[in-house]
Amino acid sequence: MGFGYAKYENITDGIEQKMDVFVAKEEPVKISIIHLKNTLPKKRKIKLVYYIKPVLGEDEIKTKGDIMIKYDNKMNICIAKKIYNNELPNIAFVSSSEEICSYTGNKKLFFGNGDLNYPEALKKQELAEENSLGRIPIIAIEIQIELEAYGTKEISLILGASDSEEECKNLAYKYSKIQNCKEEEMSIKKYWEDITKRLIVTTPVDSMNIILNGWLIYQTIESRLYAKSAFYQSGGAIGFRDQLQDTMGLKYIDPNIMKNQILIHAQKQFLDGDVLHWWHIETNRGIRTRFSDDLLWLCYVTAEYINFTGDYSILDIKVPYIVGEKLQEGVDEKYDVYQKSDIEESLWMHCKRALNKSFNFGENGLPKIGSGDWNDGFSEVGNKGKGESVWLGFFMYDILIKFIPFCEKRNEQETKNQYEQIADKLKKALNTNGWDGRWYKRAFMDTGEVLGSLQNEECRIDNIAQSWATISGAGENDKKYISMESLENHLVDKENGIIKLLDPPFDKGKINPGYIKAYLPGTRENGGQYTHVCCC
């Protein structure tokens with residue numbers, strides 16, 4: 001495996017098999033180049049079957065029976081098209097450099113009494129040329145080749161998608177030529193080599209060097225930004241805070257990646273200042289929530305970009321808002337289609353609206369947590385409107401301190417004064433009401449119960465409240481050192497090689513902070529190590 005491609009090798013029955021797999025740089029096509037070599041002194045005839053399960057939607061259960069398979073023998077292409085629900089209009093196709101001898105879309109007939117290792121269809125002379133409509137859909141194509149004694153052969157298998165059949169046929173025709181496939185493979189390898197070699201890190205640990213020099217960059221871009229996927233979540237959606245965070249580590253590679261992501265996310269903000277928690281770009285569907293931190297990540301990453309590049313002009317770029325129904329009283333979230341509005345404002349105004357929306361403080365002088373903050377699982381800490389987040393206070397303070405110089409540069413004295421006053425009050429509240437004696441508390445619940453207190457049975461200490469007391473500079477000197485010492489004593493698990501998010505995890509205690517409690521103790525947000533690509 002390498003950057004942008006994977007290789008597979010095997011030897012079976014005297015035939016050497018090598019396969020290079022990659023995705024074209026600019027086109028929606030997965031290309032497999034198969035290299036075959038006959039190591040025996042006799043001519044060989046081979047039947048090769050390429051099998052896929054087209055989904056063309058959210059999951060295979062919802063599109064079961066909706067997909068129609070069509071074979072065009074003139075263009076040597078099998079096309080799969082969803083005919084009942086066209087919200088996602090993609091059309092998938094399969095093609096090859098070799099002639100397709102037969103095909104099928106009938107999964108039941110393809111497998112018969114066999115399985116994926118040896119489907120029954122392989123025993124038959126040809127595949128039953130049946131549609132998949134009304135059935136569990138597959139696409140299986142058969143090609144037949146001959147290998148001379150000690151001869152070699154190269155074959156391309158193409159899997160792609162587009163919004164039109166015409167474009168599918170154009171792509172199939174282009175990559176039916178092996179030379180075009182090879183040129184694209186060289187292009188994609190060069191593209192990733194150029195990116196991954198821009199930053200070289202040298203440490204005494206070889207394994208660390210391997211992962212830092214290329215692989216983390218590659219995985220961040222490929223998995224997080226392109227596929228919108230991760231180890232825990234493979235939903236294909238853009239998370240408002242998630243992909244912004246992902247780009248922070250890429251600023252050393254290309255700051256424009258961060259800039260473009262900032263502008264993409266600003267377009268998912270409402271005029272009220274709140275934002276979509278996540279959304280799918282294919283449908284404009286997303287979820288409007290009462291999460292208290294999402295909108296502030298727009299400000300945080302914008303400040304990071306400006307302070308790293310010195311490019312203040314990003315603040316003047318005009319970006320549209322989205323429109324949608326406001327959340328009703330007692331409703332924490334709503335999944336819907338949210339369209340672009342006719343109102344555009346500068347990124348500076350987008351950031352100001354986000355901050356103004358966040359200036360919602362509780363009786364302890366700390367920002368209200370809503371239906372969750374950076375820990376999504378705290379869904380019932382403050383969803384009744386009273387709970388407050390200590391971590392969010394540190395996060396907000398850090399942003400305000402970074403935005404005050406921007407106000408000066410833009411000659412907005414009134415805004416500067418407002419931010420200074422709020423930051424000063426926040427710092428005092430964090431170091432008084434937010435302090436528990438040996439470390440900082442995590443949150444105050446609607447019920448008045450405290451998370452992150454020595455008195456607790458569960459969640460006595462939380463990592464990010466201690467970390468951000470130092471990161472933000474809001475923690476008083478003695479308290480910063482005491483809290484970090486407590487973090488090291490209670491959350492650094494040297495035996496297992498992790499730094500816990502909180503401890504003890506939620507399990508059977510009386511406090512009910514939300515769906516975090518549904519996770520097994522020590523997994524995900526419930527006391528595990530929940531690591532993003534770049535968590536600042």
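Quick note: the coordinates plus some simple rules give every number you see, no bench work behind them. Source: prediction; values computed, not measured. Cβ atoms come from the backbone with ideal geometry, glycine included; neighbour counts cover every protein chain shown.
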Per-residue ³J(HN,Hα) for the stretch 412-417, Karplus 6.51 cos²θ - 1.76 cosθ + 1.60, θ = phi - 60°, Hz, x for Gly and Pro:
9, 5, 5, 5, 4, 4
Determine, for GLU184, GLU9, the number of other Cβ atoms within 10 Å of each Cβ, and report the residues in order from fewest to most.
GLU9, GLU184
Relative to the longest principal Cα axis of the chain, at what angle does helix 255-266 sit, 0 to 90 degrees, rounded to 10?
80 degrees
HN-Hα couplings for the stretch 55-69 via Karplus (6.51, -1.76, 1.60; θ = phi - 60°), in whole Hz with x for Gly/Pro, come out as 10, 6, x, 5, 7, 5, 5, 6, 9, 4, x, 9, 9, 9, 9
Compute the angle between helix 178-196 and the longest alpha-carbon principal axis of the chain, please, reported from 0 to 90 degrees and rounded to the nearest 10.
20 degrees
Taking a 19 Å limit on the Cα-Cα distance, which of the listed pairs LYS30/LYS189; LYS18/LYS153; LYS428/LYS500; LYS368/LYS425; LYS25/LYS189; LYS425/LYS479 fall beyond it?
LYS428/LYS500
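Rank by packing, highest mean first: peptides 384-392, 247-255, with packing defined as the count of other Cβ atoms within 10 Å averaged across residues.
Sorting 384-392, 247-255 by mean packing, highest first, produces 384-392, 247-255.
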Cleavage-rule hits (GluC sites (Glu not before Pro)) in the stretch 436-490: DSSP loop, at most 11 neighbouring Cβ within 10 angstrom:
none
Beyond a 20 Å Cα-Cα separation, which of these cross-linked pairs lie in this structure: LYS228/LYS268; LYS268/LYS326; LYS340/LYS384?
LYS340/LYS384
Taking the Cα centroid of the stretch 411-440 and of the stretch 36-63, what is the distance between the two, rounded to the nearest whole Å?
62 Å
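Hey, what did the chain get for relative contact order, percent, Cα under 8 Å, at least 6 apart? Show your work: numbers first, answer last.
Numbers: 1057 pairs, mean separation 51.0, N = 536.
Worked out over the chain, it gives 10 percent.
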List the aspartates and glutamates whose Cα sits under 12 Å from the Cα of LYS182, skipping any in the same chain fewer than 8 residues away.
ASP20, GLU154
